[in-house]
């Protein structure tokens, strides 16, 4: 079911901080453009389902982590269909921020089986490169980003309505452990500082 | 103790709990079949009969989660769904209903009558060309009903019954898949594929096939009879993973059960002053 990545280049930026991911994606794109690389950013919730959930009818039973991951997968299908694949087929570079590992990190933190998530996301092509964006990246709030605008933030907000509520701090800590492990086994690397510095070169 | 040993121990404890719960818990009865097979009529008759017999009955319909249904409806009306999105949104809708409606009601001893279940997704999505193995994995952990009634009709009967009252809708007619402009023609082509999938699923999953070409009265009598003869599908053997998943993640869980689950029943819970967002 997994299809190979077409001609372009797919860069995945994954992490638990939505605003930081958005900020980092914009900076990486700017750096790539300065190197005359054509490309764009594919962000979370392009399909609008999470926006609609947030603004939907109040007082409904909140979704569980498994439902949230299914919804993320649906949104990612939309992004692949309308944003990522068409750009890759034109030979462009796509920065997917977030991509698959962010959802798996959340699911792992919420104790969903990793095997289930790997099977679920097998429709998504492997990225050429996967970077983890840590929370230590310069604060996105300083760049005007909505501090609640991200998959992880959305999930924590939804799960806070459960009884008993989930702990966002603990979920985040567990997700960070997952990214640490990915880095240790070489499945992703920390986003290099030079990729987000103005005037720097990305493709070294 | 290794995590595997701990998990085994939790499973064992849950199985014991489920064995004790077996006589107290309710039944899950599923009505499956293609559009126009008359299953909704039978489901309503069956529900009334169950209530008259003194059962507390909860009904759940396909694509009816108040949380997810509006998302699906909006995208269906825009004809904007790919087969994978269609499938995943319905899977989310199903999971939400399972965790918030079906399992809590069953745990409390009610009878849940489901108008369509995961077999609807398997038949329709496979008819749209999606891989059945992937579809089954999307719906993991599977929660097995006690009994599944499959209302079997020919594509022609299904087509006649649907077109007698209205034109088939875009996705119902499979027009996203067939690319046929005429909804009736598309419906007949698509429902033929769906019924082929259903027939295969009915054999694999040992559904109780009801000849939906019979009279309404005859079908209803047969369903009553089969229900009375039917046995529970023991949760401790069939549904441990799904119940464990619910007890670990569900928004509202039976408190008594959680004590027995130990650490796996514990979720990363909030503590005083804990910040959710950061």
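Relative contact order for chain B: what percent, with Cα pairs under 8 Å and sequence separation of 6 or more? Don't jump to the answer; show the numbers that get you there.
Details: 370 pairs, mean separation 78.6, N = 278.
About 28 percent, as a whole number.
Any idea what angle helix B:118-127 forms with the longest principal axis of chain B, computed on alpha-carbon atoms, 0 to 90 degrees, nearest 10?
50 degrees
If neighbour count is taken as other Cβ atoms inside 10 Å, put A:17, A:45 in order from fewest to most. Write out the running numbers ahead of the final one.
Details: A:17 27, A:45 21.
Ranking A:17, A:45 by Cβ neighbours within 10 Å, fewest first, gives A:45, A:17.
Using the alpha-carbon atoms, what tilt in degrees (0 to 90, nearest 10) does helix A:65-79 show relative to the longest principal axis of chain A?
Tilt relative to chain A: about 30 degrees.
So if we plug the beta-carbon distance of residue B:166 and residue B:78 into 1/(1 + (r/R0)^6) with R0 = 25 Å, what FRET efficiency do we get, rounded to 0.05?
Working: r = 20 Å, r/R0 = 0.81.
The calculated FRET efficiency here is 0.80.
Mind pulling up the Rg/Rh value for the stretch A:9-191? Radius of gyration and Kirkwood radius, both on Cα. Please report the intermediate quantities before stating the final value.
Numbers: Rg = 15.8 Å, Rh = 16.6 Å.
Answer for the stretch A:9-191: 0.95.
Can you grab the distance from the C-alpha centre of the stretch A:88-102 to the C-alpha centre of the stretch B:43-107, Å, no decimals?
Cα centroid to Cα centroid, the span is 34 Å.
Express the relative contact order of chain A as a whole percentage, based on alpha carbon pairs under 8 Å and six or more residues apart in sequence.
Working: 324 pairs, mean separation 80.8, N = 204.
That works out to 40 percent.
Label residue A:128 and residue B:137 with points 7 Å out from Cα along Cα→Cβ: what is the distance between them in nm?
Each label point is offset 7 Å from its Cα along the Cβ direction, giving 2.6 nm.
Looking at the protein assembly as shown only, what percent of DSSP beta bridges run antiparallel? Nearest 5 please.
5 percent
Helix A:18-34 sits at what angle to the longest principal axis of chain A, using alpha carbons and giving 0 to 90 degrees rounded to 10?
10 degrees
In Å, what is the Rg of the alpha-carbon atoms in the protein assembly as shown, and how long is Dmax?
Using the Cα atoms of the protein assembly as shown, the pair Rg, Dmax is 24.0, 78 Å.
I'd like to know how the stretch B:58-119 sits against the 2.2 N^0.38 Å rule of thumb: what's its Cα Rg over that expected value? Please list the in-between numbers first.
Numbers: Rg = 12.6 Å, N = 62, 2.2 N^0.38 = 10.6 Å.
Computed over Cα atoms of the stretch B:58-119, the ratio equals 1.19.
Return the whole-Å distance between the Cα centroid of the stretch B:215-238 and the Cα centroid of the stretch A:3-53.
A separation of 52 Å, based on Cα centres.
Output needed for the stretch B:1-96: three equivalent-ellipsoid semi-axes, defined as square roots of 5 times the C-alpha gyration tensor eigenvalues, in descending order, whole Å. Working shown, then result.
Values: eigenvalues 213, 136, 22 Å².
In descending order, the three semi-axes are 33, 26, 11 Å.
Rounded to a whole number of µm²/s, how large is the Stokes-Einstein D of chain B at 10 °C and 1.306 mPa s, given Rh as the Kirkwood radius over C-alpha pairs? If you can, show how the numbers build up before the last one.
Working: Rh = 20.3 Å.
The Stokes-Einstein estimate is 78 µm²/s.
Taking neighbour counts of Cβ atoms within 10 Å as a proxy for exposure, in what order, fewest first, do B:63, A:132, B:77 appear?
Numbers: B:63 17, A:132 24, B:77 10.
Arranged by neighbour count, lowest to highest, B:63, A:132, B:77 become B:77, B:63, A:132.
Read-outs throughout are calculated quantities, based only on the coordinates presented, and are distinct from any laboratory measurement. What you see is a predicted model; the values in this text were computed from it and never measured. Every residue, glycine among them, receives a Cβ derived from its backbone with ideal geometry; neighbour counts consider all protein chains shown.
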